[in-house]
Amino acid sequence: MKQLRLALLGFGTVGQWLAQALHTQQVWLQQELGVVVTLMSVGTRHHGLIYRDDGFDIPTLLELAATRQPLTAYPSATHWTNILEGLQLTGGDVLAEATGATLRHGEPGLSYIRAALSLGMHVVTSSKGPMALAGLDLLSLARAHAVQLRMESTVMSGTPVLSTIREGMAGTNIRAIRGVLNGTGNYILSAIAEGRDYAEGRAQAQMQGYAEADPTDDVEGDDAVAKTLILATIAFGRALLPAHVVRRGITTVSSEQIQQTLDQGQRIKHVSSLRLLSEEGMEVSRAIANSGSMPTRLEARVEPQALPLSDPLARIDGLLNAITIQTDTSAEVTVIGPGAGRFQAGQGMLADLIAIAKGA
Ligand SMILES: NC(=O)c1ccc[n+]([C@@H]2O[C@H](COP(=O)([O-])OP(=O)(O)OC[C@H]3O[C@@H](n4cnc5c(N)ncnc54)[C@H](OP(=O)(O)O)[C@@H]3O)[C@@H](O)[C@H]2O)c1
C-alpha cells in the first residue's frame with residue numbers, strides 16, 4: 001500500500017471539508033487506488049503548525065475546530081508557532097494549501113507553496129493569489145523538483161476546468177478562451193436582468209451570503225482578473241501581470257443598458273477573455289505562437305460584453321460560471337458549473353490530490 005503523508009495549511013471552510021472528505025473516503029482510497037493518506041501536519045494562522053508522526057485522527061481535529069478549541073489541544077502533537085519552520089522540519093509528500101492568500105501579493109500561500117516545492121513535496125492549492133501572481137515560476141519550480149503543482153479550485157472553484165485544459169484537451173492548439181468567472185458578479189447581473197437595479201442586486205447577493213460586505217473584488221473584476229491570469233499560465237504558458245489585463249467592472253453598466261440589450265435579444269455578461277494575436281491583430285493558435293515563426297501577444301480582457309443568446313455564455317445565470325475554449329482541432333468546448341462553494345473547492349483539491357496519488 002502506498003503512503004501519502006499530507007501537510008494541510010489552512011483549516012477553515014475548504015481545509016476542513018477536504019479533511020472530512022479524506023476521512024470519509026479513506027476506504028475507497030485504499031481499495032481503489034491502493035493509497036493511504038495520512039494527515040501529518042495542520043497549520044493555521046492562530047495556532048501555528050501541529051505535527052504528529054503517526055498522523056492525526058481527523059474527526060478529533062474537526063471536533064476541536066467545531067468547539068473552537070485550539071488545535072494545539074490535540075494530545076501529543078508537536079507544535080511550531082512558525083509554520084514555515086515547522087514545515088521545513090517535518091516535510092511530507094504533499095502540501096494541501098488552503099489559506100486565505102490575498103490577490104495583492106499572494107501571501108501567505110506563495111511562501112508556503114515555494115517552501116513545499118523546494119522540499120520536493122507535491123502541492124495542491126485552492127488559493128488564487130499565488131497562482132495568479134507567480135504561477136509560471138511556481139510551475140517551473142515544481143518541474144525542477146520533479147513534483148506536481150495542481151490548482152483546480154482556483155478557477156471556477158473546482159468545476160473541472162483546468163484539468164480539462166491540461167489533461168482532457170492535451171495536444172490541442174488553444175486559440176482563445178472566454179469565460180464568466182465570477183459567481184457574485186454574475187448573480188448581480190442576472191438580478192438586474194430580472195428587473196432589479198444594481199444596489200438591489202448587490203443587497204440580494206449579500207443577503208443570500210453570495211457577496212462580501214465589500215464586494216469590490218467581485219464587481220470590479222479583481223477576482224476575475226486573477227482567474228484570467230491563471231488561465232493565461234495554464235492554457236497559454238504565459239505570465240501576465242494584473243496591469244496587462246484590460247479591465248472594466250460591472251459597476252460601469254447601467255440597469256438601462258442591461259434592459260435595452262435584453263430588448264435587442266442580447267445579454268450583458270462580465271466576460272473574461274484571452275486570445276493569442278499576431279502583431280497585425282489576427283487570432284493565431286498556440287502552436288504558431290510557440291513555433292516562434294511570428295511575434296505574438298496574449299490579449300487579456302475582463303469587461304461587460306453584450307452577447308447574442310446563441311452564445312453559451314449568455315445563458316449562464318446566477319452563481320453559475322462557464323468557460324468556452326476555442327481550439328484549432330475541435331469545435332468550441334464549454335464547461336459550465338458552480339463558480340463558488342466550499343464543496344466544490346474542497347472537491348477540486350481532493351481531485352488534485354487523487355491525481356497526484358495515482359501518479360506518485
Ligand atoms: N470557500 C470557498 O468557496 C472557496 C472557493 C474557491 C477557493 N477558495 C480559496 O481557498 C482558500 C481557503 O478558503 P476558505 O474559505 O477555507 O477560507 P477560511 O475559511 O477563511 O479559512 C482560511 C484558513 O487559512 C488559515 N490561515 C490564514 N492565514 C494563515 C497564515 N498566515 N498561515 C497559516 N494559515 C492561515 C486560517 O487560519 P485561522 O483559522 O487561524 O484564521 C484558516 O484556517 C482561499 O484562498 C480561498 O480564496 C475558497
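List of remarks:
- Exactly one residue out of Arg45, Arg52, Arg104 is surrounded by fewer than 23 Cβ atoms within 10 Å (Cβ to Cβ), within 30 Å of Met156 (Cβ to Cβ) and modelled with pLDDT of 95 or more, and it is Arg45.
- Qualifying position, being surrounded by fewer than 24 Cβ atoms within 10 Å (Cβ to Cβ) and in contact with a helix residue (DSSP H, G or I) (Cβ under 7 Å, 6 or more places away or on another chain), among Ala203, Ala239, Ala176: Ala239
- Pairs are defined by a Cβ separation below 6 Å, a sequence spacing of at least 6 or placement on different chains, a first member in the range 336-351 that is within 18 Å of Phe11 (Cβ to Cβ), and a second member that is in a strand (DSSP E or B) and more than 9 Å from the ligand (Cβ to nearest atom); the pairs so defined are Met349/Ala96; Met349/Val124.
- Condition check for Ser157: assigned to a helix (DSSP H, G or I), modelled with pLDDT of 95 or more, within 14 Å of Gly346 (Cα to Cα) and within 12 Å of the ligand (Cβ to nearest atom): no
- Test: Leu22 is under 19 Å from Met349 (Cα atoms), surrounded by fewer than 20 Cβ atoms within 10 Å (Cβ to Cβ) and either among the hydrophobic types (A, V, I, L, M, F, W, C) or within 12 Å of the ligand (Cβ to nearest atom) (or both): no
- Pairs where the first residue, in the range 95-112, is of a type in the set (Asp, Glu) and the second is in a strand (DSSP E or B) and within 9 Å of the ligand (Cβ to nearest atom), C-beta under 9 Å, 6+ apart: Glu97/Leu9; Glu97/Thr125
- Pick from the range 1-19, criterion away from the ligand (no atom under 15 Å from the Cβ) and loosely packed, with under 15 Cβ neighbours inside 10 Å, ranking: farthest from the chain's Cα centre (by Cα): Met1
- Subset of the range 85-143 [in a loop (DSSP other than H, G, I, E, B) and away from the ligand (no atom under 14 Å from the Cβ)]: Gly91, Gly92, Asp93, Leu119, Gly120, Met121
- Scanning the range 1-52 for residues that are over 19 Å from Gln88 (Cβ atoms), among the aromatic types (Phe, Trp, Tyr) and without any contact (Cβ under 8 Å) to a residue 60 or more places away in the chain gives a single hit, Trp28.
The values are calculated or read from the model by the stated rules, or taken from the named source; none is laboratory data. All of these numbers come straight from a predicted model, not from anything done at the bench. FYI the Cβ positions are ideal-geometry reconstructions off the backbone, even for glycines, and counts take in every protein chain you see.
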